[in-house]
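Below is one structure, written out as structure tokens; the observations come after it.
The values are calculated or read from the model by the stated rules, or taken from the named source; none is laboratory data. In this text the structure is predicted, and so the values were computed from the model without any measurement. Using ideal geometry, Cβ is built from the backbone for each residue, glycine included, and neighbour counts are taken over all protein chains shown. To get the accessible areas, we keep the full protein, side chains included, count just its heavy atoms, and leave off ligands, DNA and RNA. Shrake-Rupley method; radii C 1.70, N 1.55, O 1.52, S 1.80 Å.
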Amino acid sequence: MKLSENTILITGGSNGIGFELAKQLLTLGNTVIITGRNLSKLDEVKTKYPEIQIFQSDAAKPDDIKSLYDDVTREFPGLNVLINNAGIMRKMNLHDSSLDLENINQEIVINLSGPVRMVNQFLPYLKTKKHAAIVNISSGLAFVPFAISPVYSATKAGIHFYTQALRIQLKNTNVEVFELMPPLTNTKLQNAFSMEDLRGATPMEVDKMVKFAIRGFSTDTLEIRPGQSNLLRIMSRLAPHFILKQMSRPVDSLLEQPVNPVVLPAWAESSNRT
Ligand SMILES: NC(=O)c1ccc[n+]([C@@H]2O[C@H](COP(=O)([O-])OP(=O)(O)OC[C@H]3O[C@@H](n4cnc5c(N)ncnc54)[C@H](OP(=O)(O)O)[C@@H]3O)[C@@H](O)[C@H]2O)c1
């Protein structure tokens, strides 16, 4: 992928990895457009970096994706790179009754349905460009689940398989499909976790991780696995049970914490007693 003179749309660019990608890709001579849900965070970016273009848009909402498509392609017809970065990660005790049917699905709607819908909306446009690329951000957790974040891990395994399939279906087009699989990276995403939860993993600094990613884009490395993500891939093949056990260590302390218990309806309670 060429590294300059692109017009790049990054979902979730007001913080963390998306923001760092925006800054580094801007420096390389690209037009960079970012999205996010929180307008004041986007305005802060715009104040510091007036060249970065901002659009308030929620990757979980199909109507937002449609209007984003109309606005971006009208204002930036050169658009040729889509980076699906927006994501959330939660620690989750599956015994907790406060996880209702809407709540339990949040990571799926943002991390998995978001990129799938974005690709569906933007792909026909990208195919009209001479050089185009889609970058999906998954995670090293696509190889081994982190059991205290079960739904998040499922979304990252899902986006990994989707990206492989997308790449194969686009093999006869001008659209390159990259997957960036970050390891634990020092961003606000990790705020939900304690030091104990993350024991054994050394977070990578975000500027270093993004430099690694950009090197991968420049060498057309389609699956980019910085640092411990590559290790997780190797371990998931050589010693899958061992690495799953290692990654599951924080579960015991999660299960010791009190949660709102699930209350069964009366008919289910009584049928259990018979
Ligand atoms: N940090 C890590 O250790 C790590 C490791 C592996 C993979 N990743 C992946 O890397 C990506 C970026 O993570 P990060 O660490 O940079 O997280 P972050 O620092 O929390 O930043 C997330 C960004 O996404 C935006 N966002 C969240 N939900 C959104 C939505 N529904 N629509 C649009 N924007 C949304 C946030 O802005 P608003 O809240 O204003 O919307 C923010 O700009 C995620 O896909 C994450 O899963 C991170």
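What to note about this one:
- Qualifying residues in segment 25-38 (those that are open to solvent by less than 30 Å² (accessible area, probe 1.4 Å) and not hydrophobic (A, V, I, L, M, F, W, C)) - the one farthest from the ligand (Cβ to nearest atom): N30
- Meets criteria (in a loop (DSSP other than H, G, I, E, B) and away from the ligand (no atom under 15 Å from the Cβ)) for K2: yes
- You will find that of E75, E107, the residue that is acidic (D, E), on the phi < 0 side of the Ramachandran plot, at pLDDT 95 or above and within 14 Å of the ligand (Cβ to nearest atom) is E107 and no other.
- Enumeration of residues in segment 218-258 that are in a loop (DSSP other than H, G, I, E, B), open to solvent by 50 Å² or more (accessible area, probe 1.4 Å) and more than 30 Å from K2 (Cβ to Cβ): R249, Q257, P258
- Only residues that are more than 22 Å from L198 (Cβ to Cβ) and in contact (Cβ under 8 Å) with a residue 60 or more places away in the chain were counted across segment 96-114, and they come to 3.
Here's the yes/no breakdown for (1) in contact with a Pro (Cβ under 8 Å, 6 or more places away or on another chain); (2) of a type in the set (G, A, S):
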residue: S4; (1), (2): no, yes
residue: I17; (1), (2): yes, no
residue: V45; (1), (2): no, no
residue: Y69; (1), (2): no, no
residue: L82; (1), (2): no, no
residue: H95; (1), (2): yes, no
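- For Q106, the test of being over 17 Å from the mean Cα position of the chain (by Cα) and in a helix (DSSP H, G or I) is failed.
- Residue match in segment 203-210 (condition: open to solvent by less than 40 Å² (accessible area, probe 1.4 Å), more than 30 Å from G29 (Cβ to Cβ) and among the β-branched types (V, I, T)): no
- Among the residues examined, V144 does not qualify as open to solvent by less than 10 Å² (accessible area, probe 1.4 Å) and either assigned to a strand (DSSP E or B) or closer than 30 Å to R74 by Cβ (or both).
- Of the residues T73, T128, the single one that is free of Cβ contacts under 8 Å to residues at least 40 places away in the same chain and within 20 Å of V175 (Cβ to Cβ) is T128.
- Checked against (1) free of Cβ contacts under 8 Å to residues at least 24 places away in the same chain; (2) part of a loop (DSSP other than H, G, I, E, B); (3) of a type in the set (D, E, K, R), R215 passes all but a single condition, namely (2).
- Count of residues meeting criterion [within 13 Å of the ligand (Cβ to nearest atom), outside any helix (DSSP H, G or I) and in contact with a Ser or Thr (Cβ under 7 Å, 6 or more places away or on another chain)] in segment 152-196: 4
- Test: residue in segment 52-71 that is more than 13 Å from the ligand (Cβ to nearest atom), assigned to a loop (DSSP other than H, G, I, E, B) and open to solvent by less than 30 Å² (accessible area, probe 1.4 Å): no
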